[in-house]
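J.: One structure, pasted below without further comment.
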Amino acid sequence: MELHLQTLTELAAGLERGDFTSVELTESLLQRIAAHNDKLNAFVTITGDEALAAAARADEARASGSGGALNGLPIIHKDIFCTRGIKTTCGSKMLDNFISPYDATVVEELADAGAVVLGKSNMDEFAMGSSNETSFFGPVHNPWDLECSPGGSSGGSSASVAARFAPAATGTDTGGSIRQPASLTGTVGLKPTYGRVSRYGMIAFASSLDQAGVITRSSEDAACLLGVMAGFDERDSTSIDQPVPDYLASIGDSIKGLRVGIVRQHFDKGLDEQCGARVKDAIAVLESLGATTVEVDLPNLDLSVPTYYVVAPAECSSNLSRFDGVRFGHRAENPEDLLDLYCRSRGEGFGDEVKRRIMTGAYVLSAGYYDAYYLKAQRVRQLIADDFKHAFANVDVIAGPTTPTPAFKLGDKVDDPITMYLNDIYTIGANLAGLPAMSVPCGFVNDLPVGLHLVGAHFAEETILRCGHQYQQQTDWHTACPEAFK
Amino acid sequence: MSLDKDQVQHIAMLARLKLSDEEYAESVEKLSKIVDFVDQLSQADTTDVVPMAHPLDAAQRLRPDEVTETNDRDRYQENAAAVTDGLYLVPKVLE
């Protein structure tokens, strides 16, 4: 099979057998990127020279019998992860020229394991968006239909993996930013439990929700990468100190007897009928593998989007106050005084959606409104987390749709924030409750991919990865490649 | 409209954002929509519910107050637009 069509696991085996070298693999993918990226705009920065140097080091390590778990394997980093010496923009004019003085922990861990970084992927500005249209560097196009959005905010990562630029890319997920783009591009997207993967060096949006994860084409590859990325990091104050299991060890086990929760409210309204049918087919496959389905109730599901749009903007307004035009980032010319420096640097450096979220956050935290909005939202958030807790008393996994519709056209929703926000109705709950969740390709509607959403209890990544893997052993949706990128 | 221009100006000042007239008009419209949308939270019965502080019920970890970082000021200041003699420059604050 041609190199670009192979999964990370298949490429690892090929490197090990000596079928090809990492330099050959890296060169071939860089050529694909050079030939096809203009159609997608998936990258902010392509790091060809650095990638070839890393690949050469990986080949030397292999020749001398050393090298980590990902030795010589190509990946792409979302441009939200700080990379020492390489531009990190977070999709914003504010950081257009920012060169990080240090590496994010995730970047460090993947590099230590021998991964070769092909570039930094385009994204919604500061990860605020569900279509990749808020990027200062322009929207990313969906490889399945260039007029459609690849989702967001990790749209450059999802489009890259779908277009076979790389077998895997990192992403971050605050309300669905890994799983929604994975669903819209026919890829696998995994958001681990809150605190499972370090947030150090990952530019902060909403710190109680943000979590790093991966976009791949198979659950097995996601398990392999999570094993490298997960773990305690003393540099992240919310990192969880719990042992990291071998996610690949149990992935081949049967799901016979697995209790799969089906949420009544998921199929009520707002869900495209054909998407719903694909998801139901997928659940039937899980049943054919011996899983049993149980109906569960998430009574406060409808409140998850409004809760999120109080909590996330509040945290964003606080996190983004660091951009002051003084220490790093965009600085306005000829400021009259300090206030003018702050206000103009921020007014010029941030795009519309980011300003909107900062102002929403400033409003819900302001004197007189804090109790009615922020505190109220944190109470409702507790109710939503309790709903999941009750559900997981009776089930091992909750299965449903990742998104209400397949990919939508670029430009369709960009003028109406509420319609855009409602796109995340099925994914936001997992962030509010801190749960692990993933999207797995489960078919097509009008030639556009649809995703099956699997949510697990806290730290039950093994369970959802096993469920996704067993499903992918029975189906081949994830091997479908967009015609123009074969 | 649940927000008016004065309120949006106040919010923009709290957020230290300078907006153009066009941006003000758009912000009044769109922020009003967002506020109307999140207002549905008021319908939820949250009597006796403690506001969530952490998704995993974990406490904030503390560490000993020890110096662990080296002084890398020069490297950090490479990203600043205006520095001199190791200092960040801003417009005059005191007369």
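J.: In segment A:344-375, which residues are at the interface with another protein chain (Cβ under 7 Å from one of its Cβ atoms), over 18 Å from A:PRO417 (Cα atoms) and crowded, with 22+ Cβ neighbours inside 10 Å?
T.: A:ARG346, A:TYR373
J.: From the set of residues in segment B:78-95 that are β-branched (Val, Ile, Thr) and assigned to a loop (DSSP other than H, G, I, E, B), which is farthest from the chain's Cα centre (by Cα)?
T.: Top of the filtered list is B:VAL93.
J.: Taking A:ARG322 as meeting all but one of (1) more than 8 Å from chain B (Cβ to nearest Cβ); (2) modelled with pLDDT of 95 or more; (3) crowded, with 18+ Cβ neighbours inside 10 Å, write down the number of the exception.
T.: (3)
J.: Could you tell me which of the residues A:GLY468, A:GLY443 is crowded, with 24+ Cβ neighbours inside 10 Å, touching a residue at least 12 places away in the same chain (Cβ under 8 Å) and either farther than 29 Å from A:ALA206 by Cα or small (Gly, Ala, Ser) (or both)?
T.: A:GLY468
J.: When you scan segment A:33-64, how many residues do you find that are in a helix (DSSP H, G or I) and closer than 15 Å to A:SER121 by Cα?
T.: Selection size over segment A:33-64: 9.
J.: Still on this structure, I have one more. Give the residues of segment B:31-62 that are among the charged types (D, E, K, R), part of a loop (DSSP other than H, G, I, E, B) and more than 7 Å from every other protein chain (Cβ to nearest Cβ), sorted by residue number.
T.: Once the filter is applied, which keeps residues that are among the charged types (D, E, K, R), part of a loop (DSSP other than H, G, I, E, B) and more than 7 Å from every other protein chain (Cβ to nearest Cβ), segment B:31-62 yields B:ASP45, B:ASP48, B:ASP57.
J.: Among what's in segment A:200-225 and is out of contact with any strand residue (DSSP E or B) (no Cβ under 7 Å at 6 or more places or on another chain) and assigned to a loop (DSSP other than H, G, I, E, B), pick the residue that is nearest to A:ASP112 (Cα to Cα).
T.: Result: A:TYR200.
J.: Tally time: how many residues in segment A:378-430 are away from chain B (no Cβ under 14 Å), aliphatic (A, V, I, L, M) and either within 25 Å of A:ALA291 (Cβ to Cβ) or surrounded by fewer than 19 Cβ atoms within 10 Å (Cβ to Cβ) (or both)?
T.: Number of matching residues: 6.
J.: Tell me the residue from A:GLU50, A:GLU60 that is touching a strand residue (DSSP E or B) at 6+ places or on another chain (Cβ under 8 Å), on the phi < 0 side of the Ramachandran plot, surrounded by fewer than 19 Cβ atoms within 10 Å (Cβ to Cβ) and of a type in the set (D, E, K, R), please.
T.: Numbers: A:GLU60 fails: touching a strand residue (DSSP E or B) at 6+ places or on another chain (Cβ under 8 Å).
One residue alone meets the criteria, A:GLU50.
J.: Let me ask something additional. What is the number of the single condition among (1) closer than 30 Å to A:GLY368 by Cβ; (2) part of a helix (DSSP H, G or I) that B:ARG75 does not meet?
T.: (1)
The values are calculated or read from the model by the stated rules, or taken from the named source; none is laboratory data. For clarity, every value in this text was computed on a predicted model and none was experimentally measured. Quick reminder, even Gly has a Cβ in these numbers, built from the backbone with ideal geometry, and neighbours come from all protein chains shown.
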